[in-house]
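Structure first, then comments.
Nothing in this text is a laboratory measurement; each read-out follows from the coordinates by a stated rule. Only a predicted model underlies this, so the values are computations on that prediction, with no experimental measurement involved. Virtual Cβ from ideal backbone geometry, glycine too; neighbours counted across all protein chains shown.
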Amino acid sequence: MRPPTHSAIYAAALCIVLCGHVCLAQQNAPAETPQQELQHLKQAIDQAQAQVDASQQQLLELKKSLALLEQRLAAGNQVAPATEAVAAPANPPASPAPATEAQEQQAMQQSQIATLNQIKVESESKYPVKISGLILLNGFVNTSQVDNASAPTIAVAGGGSTGASLRQTVLGIDARGPTLAGATSHADVRVDFFGNALDSNYQMGGLLRLRTAHVTLNWKDTEVFAEMDRPIISPNQPSSLTAIAQPALAWSGNLWMWSPQVGVSHTMDFIGSSRLGVEGALIDVPDSPALPAAIAGTVSQGERSRWPGGELHIGLLGKRDGSGASVGVGGYFSPHEILGGKGYNAWAGTLDANLPLSHGLEFSGSFYRGQALGGLGGGAYKDFVYGTNLEYAKPLDDVGGWAQLKKRAGLRWEFNGAFGLDNGFASELRRYVLPATSYQNQARNQTFTANTIYSPSAYLQFSFEYRHITTAPITGATANTNIIGVAAGYKF
């Protein structure tokens, strides 16, 4: 049966109303003249017409509400695939994925979409603010003594250790700000709990420590930034879930020391679909953490020189979507001055690369040659040697780097193998006159690491890692240690 039309509904309603009024008029009213009956009939028709008009208006409003709801449902069906497309990996496999991998990809993308759809924190500025973090539990077994049991970087002769820690947990705040001169603004900060806990009665805890911070203005191809982060001449870093407090291969070829920097970067189209990026910055380089207190002073050696350090990095960046190979070269220079007015210059030349290979493999690495690199995370923890009475200050040469091979297996698994080396020149280091502590007596440090990281969802991560550290001192026997680490992290 076909549904009734609006005209049929209108006619039926009009007839019902008219019949009702006529019946009531016949029952309740005494005999009327034909003129009076005609007048009452006109009034009934007008009243019925008003009621039908009101009913028709309600039907129109219901139709509008139904159309708006259909539009919203259609928009939701269009947004989900678009978001999933953005979340898809930059380098999909060349061959069609099996059904199980497609299901894993769909589950991972749905989890990421749910994360993006969370309600953001309200800020006083009313601009969007997001709280994120990684609650990380890591357990470790060190077969011999190391400098830091939960985040080791060098091997030391002595007994091993076993334990667990939550101090590598990271908390972050991200904020988007107003548009300024056509540029979008953004800021973020990251902290962890790896500060010095010696003054705390609760020894299993840790003090809050600033890790990185960024404030940026972004145009289409240009960015102006003020940040505390790794030097721009060392943009890549190895993958690890057990080495968070200090990045993987720290002090073994990875120049990573988080430092205050102010700079600008610009990208431009180059050959084909590739891009060329140029980045420059001023940097306030900290002192080496092994600098003796007797000559440390109250300000760093770079600040005492009254001149900031400078960095420049030029790189072939690949495509705009982030895929493709990237290769870069960098340079760093910073004047330094120790107590007593003696000065020296720190410098470095760097080469970095990130190269996608066949069969889901990816090569990345960074290499350097320079001097006085203790403030950037190299130089065997040292910048210079000096005379007993500070009559001279001679910067120490250094060479090093790291390389990593990554294999991805779907969206949930990745396997990494990496090697890093930081090598001071032994002939220069033998003139080092300070007491031979584990850091100050170090000439060369190398680390091999292999790990697997499993991500069953966008929120959970698990990892197993093996590390072997070999530390060669200026004088004495070489120290070795094997490190077995496990990690479980919850991202939010």
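From least to most packed, judged by other beta carbons within 10 angstrom and beginning with the fewest, I233, I173, I338 follow the order I173, I338, I233.
What the Kirkwood sum gives for segment 198-337 is a hydrodynamic radius of 17.4 Å, with every pair of different alpha carbons counted. Between N389 and A450, the simple spin-label model (points 7 angstrom out along Cα→Cβ) gives 5.6 nm. On full extension, the segment bounded by H359 and W307 gains 13.9 nm, given 0.36 nm per residue less the C-alpha separation. With neighbours defined as other Cβ atoms within 10 Å of a residue's Cβ, the residues E124, E414 order from fewest to most as E124, E414. Counting only Cβ charges, +1 for Lys and Arg and -1 for Asp and Glu, the dipole size of segment 317-417 around its Cα centre is about 420 debye.
Modelled label positions at K130 and Y459, each set 7 Å beyond Cα in the direction of Cβ, lie 1.6 nm from each other. Label positions at N236 and T143, each projected 7 Å from the Cα along the C-beta direction, are separated by 2.9 nm. Which one, A290, A472, I233, is farthest towards the positive end of the dipole of segment 122-491 when Lys and Arg carry +1 and Asp and Glu -1 on their Cβ? About the Cα centre, the residue reaching furthest to the positive side is A472. Of the residues D174, D287, D269, the one with the fewest other Cβ atoms within 10 Å heads the list, and the complete ranking is D269, D174, D287. Once each part is reduced to its C-alpha centroid, what is the distance from segment 229-300 to segment 150-170 in angstrom? Taking the Cα centre of segment 150-170 as reference, the centre of segment 229-300 is 24 Å away. Maximal additional length on extending the R430-Q47 stretch stands at 126.9 nm, based on 0.36 nm per residue less the C-alpha distance.
Basic side chains Lys and Arg get +1 at the Cβ, acidic Asp and Glu get -1 at the Cβ, and with that the dipole of segment 122-491 about its Cα centre reaches some 560 debye.
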